[in-house]
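The values are calculated or read from the model by the stated rules, or taken from the named source; none is laboratory data. For clarity, every value in this text was computed on a predicted model and none was experimentally measured. No Cβ is skipped: glycine too gets one built from the backbone with ideal geometry, and neighbour counts run over all protein chains shown. Please note that ligands, DNA and RNA were not included when accessible areas were found on the heavy atoms of the full protein model with its side chains. Shrake-Rupley method; radii C 1.70, N 1.55, O 1.52, S 1.80 Å.
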Amino acid sequence: MKVMLVGSNGQLGSDLVKVLRDEELIPLTHQGIDVCEPVGVRATLRRYQPEVLINTAAYHKVDECEVNAERAFAVNTLGVRNLALACREEGCVLVHLSTDYVFDGRKGAAYVETDLPNPINVYGLSKLAGEYFLRYLLEHYFIVRTSGLFGVAGSSGKGGNFVELMLRLAREGRPIRVVNDQVLSPTYTLNLAHQIKALVQTEHYGLYHATSHGVCSWYQFAAKIFELAGLCPSLAPQTTAESGARATRPAYSELEKAALQRIGLDRMQHWEDGLAAYMEARQAVHPEER
Ligand SMILES: NC(=O)c1ccc[n+]([C@@H]2O[C@H](COP(=O)([O-])OP(=O)(O)OC[C@H]3O[C@@H](n4cnc5c(N)ncnc54)[C@H](OP(=O)(O)O)[C@@H]3O)[C@@H](O)[C@H]2O)c1
């Protein structure tokens with residue numbers, strides 16, 4: 001398979017590079033391609049002629065998106081349109097990452113792929129519009145909605161990830177307060193990368209939910225991180241209202257993996273297993289913290 005990977009040094013992108021090492025891979029960083037530049041996008045696809053293009057690029061600083069909607073839509077919506085148009089021209093399958101934040105979180109149960117999205121922040125709105133552009137322009141695509149990513153490369157867009165943030169705060173000895181009224185399925189990027197590889201080897205095109213199994217609040221997630229790291233910092237729960245975040249976030253965003261299960265291809269782990277695997281893998285990067 002000839003695969004072009006956009007965002008190859010990002011959190012998920014770095015793990016896709018590892019997982020796809022036996023494929024004919026064209027890894028592109030932001031320097032190698034800017035999804036916001038339609039002429040460059042077309043030229044790059046024409047030059048490399050990939051069979052599959054995986055897009056992990058996004059502007060996903062959720063609070064910043066509220067005040068920079070132009071950039072959110074440029075990257076997350078029009079950037080996806082640029083990729084989809086070029087894929088259509090070159091007959092390439094587009095794999096695109098989306099988010100649990102397309103939902104409002106008010107269902108009170110896991111969302112399935114056929115549930116009607118209803119974003120409650122600019123980031124979610126821009127990602128949903130990107131999904132719709134893709135579906136409108138292409139027949140052969142995979143949209144993969146995921147949630148709360150953590151990977152050893154750390155998110156370049158967010159400057160790290162939640163696990164590393166918690167460990168740093170604990171090392172600094174600061175009291176830590178984490179929201180306890182937003183429930184999600186934190187997902188290890190290496191697990192997701194394996195899932196994406198399994199999916200793109202099929203022709204079961206369409207929309208998929210691919211998050212860890214099980215749910216927790218951010219506070220419960222933090223507590224588990226400290227338990228696995230053998231740390232006992234001062235950790236207390238807080239409400240979303242107390243956190244003062246600019247963007248509204250879904251209160252309960254569990255995604256049921258109904259579409260993956262229908263084709264017998266659900267390879268996602270429980271979030272606690274993903275976290276344990278991550279804690280093990282990060283030791284290779286941070287051996288001083290053993
Ligand atoms: N992180 C999460 O918790 C989370 C949750 C749900 C869904 N998702 C989705 O999952 C995907 C991957 O997330 P991630 O955490 O792996 O992101 P990430 O670590 O920030 O990686 C994104 C990559 O895309 C590149 N990029 C950004 N803007 C670009 C542009 N205009 N053109 C080309 N490349 C660009 C970044 O490069 P630079 O840093 O050099 O700009 C980086 O290499 C995204 O689609 C995101 O919306 C993420």
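The table below gives the values:
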{"quantity": "Out of Val67, Val75, sole residue that is within 17 Å of the chain's Cα centre (by Cα), touching a residue at least 40 places away in the same chain (Cβ under 8 Å) and open to solvent by 10 Å² or more (accessible area, probe 1.4 Å)", "calculated": "Val75"}
{"quantity": "Helices (runs of 4 or more DSSP H) lying entirely in region 1-90 (those with 3 or more residues that are under 17 Å from Leu138 (Cα atoms) and near the ligand (Cβ under 10 Å from one of its atoms))", "calculated": "79-90"}
{"quantity": "Within region 91-105, tally of residues that are open to solvent by less than 10 Å² (accessible area, probe 1.4 Å), more than 16 Å from Val183 (Cβ to Cβ) and within 13 Å of the ligand (Cβ to nearest atom)", "calculated": "5"}
{"quantity": "Failed item, numbered, when Asp181 is tested on (1) out of contact with any strand residue (DSSP E or B) (no Cβ under 8 Å at 6 or more places or on another chain); (2) part of a loop (DSSP other than H, G, I, E, B); (3) more than 15 Å from the ligand (Cβ to nearest atom)", "calculated": "(1)"}
{"quantity": "Qualifying residue in region 107-120 (condition: of a type in the set (S, T, N, Q) and touching a Lys or Arg at 6+ places or on another chain (Cβ under 7 Å))", "calculated": "no"}
{"quantity": "Top-ranked residue of region 247-283 - restricted to ones that are among the basic types (Lys, Arg) and at pLDDT 95 or above, ranked as least open to solvent (accessible area, probe 1.4 Å)", "calculated": "Lys257"}
{"quantity": "Output for region 106-121, where each listed residue is surrounded by 21 or more Cβ atoms within 10 Å (Cβ to Cβ) and either of a type outside the set (Phe, Trp, Tyr) or part of a loop (DSSP other than H, G, I, E, B) (or both)", "calculated": "Asn121"}
{"quantity": "Answer from Val163, Val183 - the residue that is in contact with a Phe, Trp or Tyr (Cβ under 6 Å, 6 or more places away or on another chain), among the hydrophobic types (A, V, I, L, M, F, W, C) and open to solvent by less than 10 Å² (accessible area, probe 1.4 Å)", "calculated": "Val163"}
{"quantity": "Unique match (being surrounded by fewer than 18 Cβ atoms within 10 Å (Cβ to Cβ) and either at pLDDT below 95 or closer than 22 Å to Ser14 by Cβ (or both)) among His286, His204, His213", "calculated": "His286"}
{"quantity": "Flag for Ala229 being more than 22 Å from the chain's Cα centre (by Cα) and at pLDDT below 95", "calculated": "no"}
{"quantity": "Leading residue by the ranking (modelled with the highest pLDDT) among those in region 147-175 that are aliphatic (A, V, I, L, M) and near the ligand (Cβ under 9 Å from one of its atoms)", "calculated": "Leu149"}
{"quantity": "Yes/no for Cys232 being without any contact (Cβ under 8 Å) to a residue 12 or more places away in the chain, over 20 Å from Asp63 (Cα atoms) and not acidic (Asp, Glu)", "calculated": "yes"}
